[in-house]
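Have a look at the structure below before the remarks.
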């Protein structure tokens, strides 16, 4: 079976985009990964409407990517902070890859907007593609793509 003969109904890329593919969603996750926790901080930093932010936070929480943690300032009503879950942190390499691509291809300049460095040695962090045997920085020409065991025929 060839790729064009397979159904895309269970494609992991498509299913992931169903969860995080709406405008603003990855920017909310980016900010949450960088320590933003509160509704007003997200709204102010990203610059989106309260309605859109509420909707995206609700969806990210329902998907298990963020979790709401109640807090209450003295004299104020109870509110939620949003924390990244393990499932959410599993998307962090995707954010780093998007950052890396953007720095290379969008003309943001030679200096990074967000400087990610390995805490132990101080070297810049990069996302690379590797195999389970330890070969890293694989180019697309070094990878063979074919339908896997979960592929279904297109109808």
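The values are calculated or read from the model by the stated rules, or taken from the named source; none is laboratory data. Computed from a predicted model, the values in this text were never measured in an experiment. Backbone-built Cβ (ideal geometry, glycine too); neighbour counts: all protein chains shown.
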Of (1) touching a residue at least 24 places away in the same chain (Cβ under 8 Å); (2) in contact with a helix residue (DSSP H, G or I) (Cβ under 6 Å, 6 or more places away or on another chain); (3) farther than 30 Å from residue 146 by Cα, residue 68 fails just (1)
Out of 116, 17, report the one residue that is touching a strand residue (DSSP E or B) at 6+ places or on another chain (Cβ under 9 Å) and either at pLDDT 95 or above or surrounded by 11 or more Cβ atoms within 10 Å (Cβ to Cβ) (or both). 116
Given the criteria at pLDDT below 95 and in contact with a helix residue (DSSP H, G or I) (Cβ under 8 Å, 6 or more places away or on another chain), does residue 95 qualify? no
The condition of being at pLDDT 95 or above and either surrounded by fewer than 14 Cβ atoms within 10 Å (Cβ to Cβ) or under 27 Å from residue 137 (Cβ atoms) (or both) holds, among 66, 29, 4, only for 29
